[in-house]
1. Out of curiosity, is residue A:156 buried (at least 16 other Cβ atoms within 10 Å of the Cβ), in a helix (DSSP H, G or I), at the interface with chain B (Cβ under 9 Å from one of its Cβ atoms) and under 18 Å from the mean Cα position of the chain (by Cα)?
2. Being within 7 Å of another protein chain (Cβ to nearest Cβ) and either assigned to a loop (DSSP other than H, G, I, E, B) or under 15 Å from residue A:96 (Cβ atoms) (or both) is the filter here; which residues of region A:116-126 pass it?
3. So which residues in region B:11-55 are surrounded by 13 or more Cβ atoms within 10 Å (Cβ to Cβ) and outside any helix (DSSP H, G or I)?
4. Among B:313, B:254, B:249, B:224, which is the only one that is away from chain A (no Cβ under 11 Å), more than 30 Å from residue B:49 (Cα to Cα), at pLDDT below 95 and surrounded by fewer than 23 Cβ atoms within 10 Å (Cβ to Cβ)?
5. Considering region A:79-88 alone, what residues qualify as being buried (at least 20 other Cβ atoms within 10 Å of the Cβ) and either touching a helix residue (DSSP H, G or I) at 6+ places or on another chain (Cβ under 7 Å) or within 7 Å of chain B (Cβ to nearest Cβ) (or both)?
6. Give A:208, A:220 a once-over and let me know the one that is away from every other protein chain (no Cβ under 12 Å), more than 13 Å from the chain's Cα centre (by Cα), more than 24 Å from residue A:101 (Cβ to Cβ) and surrounded by fewer than 20 Cβ atoms within 10 Å (Cβ to Cβ).
7. Kindly provide the set of residues from region A:27-46 that are over 12 Å from the mean Cα position of the chain (by Cα) and either part of a helix (DSSP H, G or I) or within 12 Å of another protein chain (Cβ to nearest Cβ) (or both), ordered by number.
8. Go through (1) under 22 Å from residue A:104 (Cα atoms); (2) surrounded by fewer than 23 Cβ atoms within 10 Å (Cβ to Cβ); (3) touching a residue at least 24 places away in the same chain (Cβ under 8 Å) for residue A:183 and report which single condition fails.
């Protein structure tokens, strides 16, 4: 089972009021793969994601899903194909897990239509996939951060979309929960062929889990492609303004970025970095 | 977390079971509230200076001539009781719509100045232009809609954020209240009495001509709001999540605001802004129903029950007769204070 939906941004310019965040950006999301968007704070990652799921109308350019402009598509029709989990969704006071996950069925239901067996099955499958079945009757506000994030992902899964966009799904989670969430998304991608686009803060996790890495630098794409070609020392310097070493991750063989910083580097590394920066800006 | 295959039947049944249990809890609450509303309505018709047994009341309602009762029940108590129910349902429904939509219990129409708009217009009409009856009501309806539009426009900036709308609404409400005070200070004795009705809300002297517009508005606008039940429920997850789930956020908001403001406006035109009913109905309904689904219908019923009971208390429980709005005001004010204290403690999140 693979999806062939194409999601493409063309000459996309996005702005909040007077402030332009993204300018003339072109991006093609590879179908059936996992794409991670990385970049410094305020580089426009979340804004790009919001626009691709039509939450923000473009100032110029367009976002095309299977060749159709997403901002012109009927809302529910789009929501049956493309799902988005925003950075901080709100759980109504006291709502139970299964109720919240059930809200993901919204685009599949009419105004007065009743719940179908299919809806219940989608909720059950989403709960099971995220190991939240045993939490189903608990109130969401009682859960730990990691559990809560799994519940929100379950809600997005219940939506049963072929494309799933996630804005920093691992923020506020400890390392084991981060891996758990990313493994789950990889399962989803491999088993169902779901196309995944996620904004991630952690470069190394992004390089590990993404098939396609997009590095944003103040509203433009600095580099995009296989993590092995994108995540380089030059890229880290350009995008984050940080000196680093990139080595092969002994676990996965993907690139692993080690920041250098001003302290703790061994003498030879420090000397080398100092030499490089003096060569760049001679007095 | 690897299983992504079709879930076993037992798992699906368990989801179904949880869902039906939530729905049946909510249905039970609705039935109990509806029964209580009917009982309170019946008491309103029977009790007064003269007591009429249920049999007499029923005969009057079915159109038979009953000496004494036909006038007292048919002309005085029936319109009063019907207006209590209609206004209560309207205020409750409108209040909970605003509170759900803006995710804040402070966001009810009587807190954010919409009721004040209706009152101010009515008082101005009565005192400065010597209007009465339908003219005053029409003016009140128009003003409520106008104030709502003004608040919406002032709060609009890349969509409407809840907190901004509430703060602007409270400010506009305060300005309108000072208009009311100023106009009242210049009112003659007779006008003052008439204008006072518009400040606290009263069911005294209700006739069928005052009930009818409010009843029609309820019959038209309540279905519109109930049609938005699912969109409003999804909107509770935040604007972005709701939009990602296929809700047209701004459109839903505009429909809900227009329908809710219409309900408040027509009900206020009929009996004044019965204090705090739209503010209290939602939270009370939430307490009873719990997190088991939409609050629209339960809150409407709570609103009706509040108005009926408060009117009975105002008329018969105390030595002096008080208009219904005074009684609900006494109930509502402490809750408002409690809510503000709680908001402060929780650092503003509700």
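The values are calculated or read from the model by the stated rules, or taken from the named source; none is laboratory data. Quantities reported herein were computed from a predicted structural model and do not represent experimental measurements. Glycine also receives a Cβ, built like all others from the backbone with ideal geometry; neighbour counts cover every protein chain displayed.
1. yes
2. Listed by number, the residues that qualify are A:120, A:123, A:124.
3. Scanning region B:11-55 gives B:47, B:48, B:52.
4. None of the others qualify; the one that does is B:254.
5. A:79, A:83, A:84, A:85, A:86
6. A:220
7. None; the set is empty.
8. (3)
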